[in-house]
Every structure is written in C-alpha cells, then in structure tokens.
Amino acid sequence: MRKLVACIACRNQGTRLYGKPLQNLDIERRISVIEYMIASIKTYQPVSAIILGISEGVDNIVFVDVANRNGIDYIIGSEEDVLQRLISCCTKANGTDIFRVTSESPFTYFEALDEAWKDHVETDRDLTALDNLPDGSGFEIIKLEAYQRSWDLGEAKHRSELCSLYIREHKEDFSIGYIDIPAEIKRMDIRLTIDYPEDLILCRAVFQKFKHLSPRIPVNQIIKFVDDNPKLKELVSPFVEEGLKTMYI
C-alpha cells in the first residue's frame, strides 16, 4: 500500500529575508507562512502525514514548537543535507512517497494533486512533477526509493536544497511524468514564493484578499488578482527570471 507523506524542509537562515517560513501572511491573526501551509496540506486527501524536516541549529528550534502546536511530527537533521532530511521525514512516517513543497511557498496548486497522485501510483513513477506555473505553486511527488538512490549516487550539490537535481539530470535512469495544467495556470511570469521582502508584500496582499477562502486559496484566483494589480506584479518582477533557474530542481 502506497503512502504519501508531505515532507517540508525548514530552516530560518537566509541572507535576503530571515525566517521566511515564520513570516506572517496575516499580521493581525499571526498566521505564518508555514502554519498556513500545514493547514492547507491537512485538507489534501492523498497526503497521509506531514513531517517537518528541521535543520540543526538553535535558530531553528522554533519549528519544533510549530510542529507540536499543529499536531504533526518532525525530524532534526543536517542543514546542508536537505535531501537526507526529506528521506528521514518520509521514513519516520513509514511512507513510500514524498509530497514535496518548499516552506516559503504558501500557495500550492492543490487542484492537481488528486490526479497527480493517481497517475503517479498507477504508472509507478519515480517522479511526478507539476511544472510551468507560477513560481512557488508547483509540487513534486517522488518515490522514496528514487530519493534514496539519488542520495547514494549523487554528489553534495544533489543533497542540497536542489533535492530533485540528480533525478532531473539523469532522466534516462528514472521514470518521470508531468501533469498537464490549464493554459490559464501556465503563468511563469508570476511569482508566488517568498525569498525577498517584496515577495512577502505580494503574498500578504494575496492572503488579505482571499483569507475567507483559507486554507485553500485557488491559484487561478490569485493569478487574476495579480493581473488586476500590476503594481504588485512589478514589485517582484526583478526576481522572476532568477527564480525560474532553480524552479525545477
């Protein structure tokens, strides 16, 4: 029986914006990025468990409190070896497959998950990817064994935050599938991840607009909102190209 586990690598260090996962989407109600994500993922039917892969270091102990407060489990591991942290998360929950999203990207295109998981299991893929949509809205489903093989065969760069790099560099050795999405969602000119203070401004504006839909804010509505507010889009436009370089690894 296959078991999908949401494995979220967490750390606070960051030169451009410190503590990105703990930044508040809603300042008044103190709803952080990571806690919004946890609430959202709890509604995803295919996901059986959520595990935080917390980086070592005193700066990151706060994520233990986040896990306890939200009734989920966690592991603590190497800051550099992110891949091993994700493997350990899945293993702790007795999972067979990893649902991978990044801890600074709150607005996942969750509508595609049911189909993605069904296809992933039926075709017995190593990696099922949701690509070509706003930066931060995609996700990957990876067979645990494929990540273990990546760790064994890869180098240090493959064990970093670029967790799927080895698989994507060695496509001939893995079974990879891609989920098709509606044309209106294929908007790589829009950025919905938080790496800079400007990103946080945009994501807070999105949350304020759609908080009545929390924790399942549809990406198609976010896209329309950003299109209708060009100043918000312009705010993060300098970072779009840079983000696309690592979007699929």
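Kindly put VAL58, VAL101 in sequence by how many other C-beta atoms sit within 10 Å of each C-beta, fewest to most. Don't jump to the answer; show the numbers that get you there.
Details: VAL58 7, VAL101 21.
Starting with the residue having the fewest Cβ neighbours, the order is VAL58, VAL101.
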State the Kirkwood hydrodynamic radius of the range 104-249 in Å, one decimal place, computed from all pairs of distinct Cα atoms.
-> 16.3
Place a +1 charge on the Cβ of each Lys and Arg in the range 4-244 and a -1 charge on the Cβ of each Asp and Glu, then give the dipole magnitude about the Cα centre in debye, rounded to the nearest 20.
-> 800
Placed amide H near ASP131: partners under 5 Å, 5+ positions off or other chain = ILE179
Most exposed first, judged by fewest Cβ atoms within 10 angstrom, SER150, SER48 run SER48, SER150
How far apart, in nm, are the 7 Å Cα→Cβ label points at ASN24 and ASN229?
-> 1.8
Report the one residue of GLY138, LEU153, PRO46 whose Cα lies farthest in the direction of the positive end of the charge dipole of the chain (charges on C-beta: Lys and Arg +1, Asp and Glu -1; origin at the Cα centre).
-> PRO46
Which percent of Cα-Cα pairs in the range 4-244 sits in each 10 Å bin, short to long?
-> 7, 33, 39, 19, 2
At most 12 other Cβ within 10 Å, DSSP loop - GluC sites (Glu not before Pro), the range 8-89 | GLU28
With a 4.7 Å Cβ cut-off, tell me which Cys residues in the chain come up empty for a partner.
-> CYS10, CYS90, CYS163, CYS203
Using a 10 Å Cβ count of at most 16 others and DSSP loop calls, identify the longest part of the chain lacking such trypsin sites (Lys or Arg not before Pro).
-> 43-185
In nm, give the distance between the simple-model label positions of GLN208 and VAL240, each being 7 Å from the Cα along the Cα-to-Cβ direction.
-> 2.3
Integer Hz, Karplus 6.51/-1.76/1.60 couplings in order for the range 179-194, x for Gly and Pro = 8, 6, 10, x, 4, 5, 8, 6, 10, 6, 7, 10, 10, 10, 10, 10
The answer for CYS10, listing residues at least 5 apart or on another chain whose modeled amide H is closer than 5 Å to its amide H, is GLY53, ILE54, SER55
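Which whole-number percentage describes the relative contact order of the range 4-244, with Cα contacts under 8 Å and a sequence gap of 6 or more?
Values: 437 pairs, mean separation 51.0, N = 241.
Dividing the mean separation by the residue count of the range 4-244 yields 21 percent.
Sequence gap at least 6, Cα distance under 8 Å: using those rules, report the relative contact order of the range 1-144 to the nearest whole percent.
28
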For labels at GLU145 and GLU169 in the simple 7 Å Cα→Cβ model, what's the distance in nm?
-> 2.4
Report ³J(HN,Hα) in whole Hz for each residue of the range 40-45, in order, from the Karplus equation J = 6.51 cos²θ - 1.76 cosθ + 1.60 where θ = phi - 60°; Gly and Pro get x.
-> 5, 4, 4, 8, 7, 4
Quick one: what are the phi-derived ³J(HN,Hα) couplings along the range 105-111, Karplus 6.51/-1.76/1.60 with θ = phi - 60°, whole Hz, x for glycine and proline?
-> 10, x, 9, 7, 7, 5, 4
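Only the coordinates and a few stated rules stand behind these numbers; no lab work does. Just so it is clear, the model here is predicted, and its values are computed rather than measured. Note that we place each Cβ from the backbone using ideal geometry, even for glycine, and neighbour counts take in every protein chain shown.
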